[in-house]
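The values are calculated or read from the model by the stated rules, or taken from the named source; none is laboratory data. Remember, predicted model here, so these are calculated numbers, not experimental data. Note: ideal-geometry Cβ built from the backbone for every residue, glycine included; neighbour counts use all protein chains shown. Side chains are part of the model used for accessible areas, which takes the heavy atoms of the whole protein and leaves out ligands, DNA and RNA. Shrake-Rupley method; radii C 1.70, N 1.55, O 1.52, S 1.80 Å.
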Amino acid sequence: MSGLPRLTIAARDRAPGDSLAAGCFEDRELDLRGLDRGLAGSLSGLHQRAGWKGREDQRLATLHGNLAVSLGGLGKAGDLTPQRLVRWLTETVDLARTNGAEHLSILLPHHPQTLGRAAISRVLRAVPLAAYRFDHYRSPGRDGKTPRGRGRLGEISVIPPRGEEDAYRREASTAIAVAEGVALARDLGNTPASDAHPGWIEDRARALAADAGLEITVLEGDELAERGMGGLLAVGRGSPHPPRLVRLDWKAPAAGEDTPTLAVVGKGVTFDTGGISLKPPTGMDEMKFDKCGACAAIALAHTVASLDLPIHLKVYAPLAENMPDGRSYRPGDIVRCYNGKTVEIIDTDAEGRMILADALAWAVDEKPDALLEMSTLTGACVIALGYEAAGLYTPDDALAAELQAASIASGERLWRLPLWPEHVEQMKGVHADLKNAGPRWGGANTAAAFLSQFVGDLKRWAHLDIAGVAHVGHDQEEHPGATGYGVSLATEWIRASIPG
């Protein structure tokens, strides 16, 4: 796993490390009470400099002895959102790393976005993740050990708002475990398909299961065929790396008879060329991120076990590589899935729903109380929501409310989209029960409607289309790569589902 810096909670009367950064609002005074007198004087001096307004784009720095001290603008207090706060934390960590800091302290302002369990958890996850880098493939630097480009930042201390130290310490261990889960999902997602084929993902899942006390079951080859999992077999047929379906099972020793069983399904297309319906070459390098739903689901299982949450969780990760080959499935083929439904193949690039069909049907067959599925399913959802939110589809209003609450608490945005009978009608096949691609318009909706045909009578199920949020593209941000989206949100949802 990519090493995250050590996270500690520090008191206001001492600022450990060699660098300190403080956040300040445009329309509020800087709260210096409880700080070391000399440090308070340095921060006050920055705050009083001519031209300082506290705008988001402002930063000032000075030295307090051997301590590098900086003041960062947060804009108007009423405009601060979780996303803006995370951006400031990320920029702060980046600057400290660039300047060669080894131990950074961050002085947080008193604000609703830094107070309360959910906000504290968001902050304590965001701080170490701001230092995340995927550098497994970089050549060694001058020391012959550290990857080239990695800074020396090894520890970050958070100095909470005045009077909130105990609240931050109570939440720290859980937030760190979730941050490590997000980093794990990013590592899996960022690993290129030359290594991260279905067998490699299985090996990682086995190692994680052994580490966390999870039970693991893997279906492949003849067993997939015997169970009638034609969707997964069809998609993976053109690759030299055979498909498989991984299930991770966590049942906490403390779980009682009333403990719900939750299922999480994640799409794991380790690389998606589009198959016979070949994708355009531009941007195809980013198709290694088509496995991010499975990566998040696998990391979630490890996180839940690490936290020893008193819940019964089953995670399903269908894994396949969609490649063009003489054995590949073709447009016009008819495929029979695990629940017996037949699907006419219109587009081999609509492969994610085919492998999910089998995984969903198997998950529902094992009778969970609720099911959450995450997949980089459609470009149409990116057109609808951009890169800021995942699409939420569910027929259950109560489950939608639960997931929206988890979204707010985690800071991972969701937006509910329609799941109407008309969308199911548009996915009916000509020579089979269904077809795997519908009309151009509303493609995210019709894809969700297709998935709805594989959940049987289960009402408490939800599909998250994470295509726009699972990774940051080369043209979007300074740090492109997998985001680990879904680990934090699903952990919040699971914690809220624990009885009592």
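What are the pairs with Cβ atoms under 7 angstrom where one residue, in the stretch 185-211, is over 18 Å from D272 (Cα atoms) and touching a residue at least 24 places away in the same chain (Cβ under 8 Å) and the other, located anywhere, is part of a helix (DSSP H, G or I) and not aromatic (F, W, Y)? Sequence gap at least six, or different chains.
Cβ pairs passing all conditions: A185/C295; A185/A296; A185/A299; A185/V487; R204/L188; A205/I298; L208/I298; L208/H302.
Taking only the stretch 438-470 into account, find how many residues are open to solvent by 20 Å² or more (accessible area, probe 1.4 Å) and either farther than 25 Å from A263 by Cβ or among the hydroxyl-bearing types (S, T, Y) (or both).
6
Would you mention how many residues in the stretch 440-456 are part of a loop (DSSP other than H, G, I, E, B) and without any contact (Cβ under 8 Å) to a residue 60 or more places away in the chain?
Kept after step one, since they are part of a loop (DSSP other than H, G, I, E, B), are these residues of the stretch 440-456: 440-442, 453-456.
Retained after the next criterion (residues that are without any contact (Cβ under 8 Å) to a residue 60 or more places away in the chain): 440-441.
So the count comes out to 2.
Determine which single condition L35 fails, assuming it passes every other condition in (1) free of Cβ contacts under 8 Å to residues at least 12 places away in the same chain; (2) of a type outside the set (K, R); (3) open to solvent by less than 30 Å² (accessible area, probe 1.4 Å); (4) part of a loop (DSSP other than H, G, I, E, B).
Going through (1) free of Cβ contacts under 8 Å to residues at least 12 places away in the same chain; (2) of a type outside the set (K, R); (3) open to solvent by less than 30 Å² (accessible area, probe 1.4 Å); (4) part of a loop (DSSP other than H, G, I, E, B) one by one, L35 breaks only (1).
When only residues in the stretch 397-437 that are open to solvent by 30 Å² or more (accessible area, probe 1.4 Å), outside any helix (DSSP H, G or I) and of a type in the set (D, E, K, R) count, which is nearest to I176 (Cα to Cα)?
Step one: list which residues in the stretch 397-437 are open to solvent by 30 Å² or more (accessible area, probe 1.4 Å), which gives 397-398, 401-402, 404-405, 408, 413, 415-422, 424-426, 428, 430-431, 433, 435.
With outside any helix (DSSP H, G or I) added as a condition, the list becomes 413, 415-420, 426, 428, 430-431, 433, 435.
From what is left, the residues that are of a type in the set (D, E, K, R) are 413, 416, 428, 433, 435.
Working: R413: 20, R416: 29, K428: 46, D433: 47, K435: 44 Å.
Checking each candidate, the answer is R413.
Restricting to the stretch 159-186, name every residue that is open to solvent by less than 10 Å² (accessible area, probe 1.4 Å) and assigned to a helix (DSSP H, G or I). Spell out how you get there, then give the answer.
From the stretch 159-186, those open to solvent by less than 10 Å² (accessible area, probe 1.4 Å) are 159-161, 168, 175, 178-179, 181-183, 185; that's our starting set.
Passing the criteria: Y168, A175, V178, A179, G181, V182, A183, A185.
Do any residues in the stretch 293-318 that are in a helix (DSSP H, G or I) have Cβ atoms under 8 Å from those of residues that are among the aromatic types (F, W, Y) and open to solvent by 10 Å² or more (accessible area, probe 1.4 Å), where the two are at least six apart or on different chains, and which pairs are they?
Short answer, once both residue conditions are applied: A296/Y485; A301/W250; V304/W250; A305/W250.
Any idea how many residues of the stretch 365-388 are part of a helix (DSSP H, G or I) and open to solvent by 30 Å² or more (accessible area, probe 1.4 Å)?
Of the stretch 365-388, the ones part of a helix (DSSP H, G or I) are 365, 379-385.
Imposing the further condition that a residue be open to solvent by 30 Å² or more (accessible area, probe 1.4 Å) reduces the set to 365, 379-380, 382-385.
Residues meeting the conditions: 7.
Here is a check on your reading of the model: is L43 more than 34 Å from the chain's Cα centre (by Cα) and part of a helix (DSSP H, G or I)?
Criteria met by L43.
Pairs please, first residue from the stretch 354-374 and acidic (D, E), second anywhere and assigned to a strand (DSSP E or B), Cβ atoms under 6 Å, 6+ apart in sequence or on different chains.
Note: pairs meeting the criteria are D369/T261; E373/V265; E373/H463.
Between a residue in the stretch 89-106 that is within 18 Å of A15 (Cα to Cα) and any residue that is assigned to a helix (DSSP H, G or I) and among the β-branched types (V, I, T), which pairs come within a Cβ distance under 8 Å, given they are 6 or more apart or on different chains?
Pairs that qualify, where the first residue is within 18 Å of A15 (Cα to Cα) and the partner is assigned to a helix (DSSP H, G or I) and among the β-branched types (V, I, T), are L89/V123; L89/V127; V93/V127; L104/T92; L104/V93; I106/T92; I106/V127.
Is it true that A252 is of a type in the set (A, V, I, L, M) and buried (at least 24 other Cβ atoms within 10 Å of the Cβ)?
Values: of a type in the set (A, V, I, L, M): yes; buried (at least 24 other Cβ atoms within 10 Å of the Cβ): no.
So A252 does not fit the description; no.
Can you spot a residue in the stretch 112-122 that is surrounded by 23 or more Cβ atoms within 10 Å (Cβ to Cβ), out of contact with any Cys (no Cβ under 9 Å at 6 or more places or on another chain) and closer than 30 Å to A317 by Cα?
The answer is yes, given that some residue of the stretch 112-122 is surrounded by 23 or more Cβ atoms within 10 Å (Cβ to Cβ), out of contact with any Cys (no Cβ under 9 Å at 6 or more places or on another chain) and closer than 30 Å to A317 by Cα.
Of the residues L46, L74, L60, which is in contact with a Phe, Trp or Tyr (Cβ under 8 Å, 6 or more places away or on another chain), within 25 Å of E165 (Cβ to Cβ) and without any contact (Cβ under 8 Å) to a residue 40 or more places away in the chain? Let's see the steps before the verdict.
Working: L74 fails: without any contact (Cβ under 8 Å) to a residue 40 or more places away in the chain; L60 fails: within 25 Å of E165 (Cβ to Cβ).
The match here is L46.
Test K288 against the criterion of being in contact with an Asp or Glu (Cβ under 9 Å, 6 or more places away or on another chain), modelled with pLDDT of 95 or more, in a strand (DSSP E or B) and of a type in the set (K, R), and give yes or no. Write out each step before concluding.
Numbers: in contact with an Asp or Glu (Cβ under 9 Å, 6 or more places away or on another chain): yes; modelled with pLDDT of 95 or more: yes; in a strand (DSSP E or B): no; of a type in the set (K, R): yes.
Against the criterion (in contact with an Asp or Glu (Cβ under 9 Å, 6 or more places away or on another chain), modelled with pLDDT of 95 or more, in a strand (DSSP E or B) and of a type in the set (K, R)), K288 does not qualify.
Six or more apart or on different chains, Cβ atoms under 8 Å: show the pairs whose first residue is in the stretch 471-497 and under 14 Å from L313 (Cα atoms) and in contact (Cβ under 8 Å) with a residue 40 or more places away in the chain and whose second is assigned to a loop (DSSP other than H, G, I, E, B) and open to solvent by less than 30 Å² (accessible area, probe 1.4 Å).
Close Cβ pairs (under 8 Å, with a partner that is assigned to a loop (DSSP other than H, G, I, E, B) and open to solvent by less than 30 Å² (accessible area, probe 1.4 Å)) amount to I494/L309; I494/I311; R495/L309; S497/P260; S497/I311.
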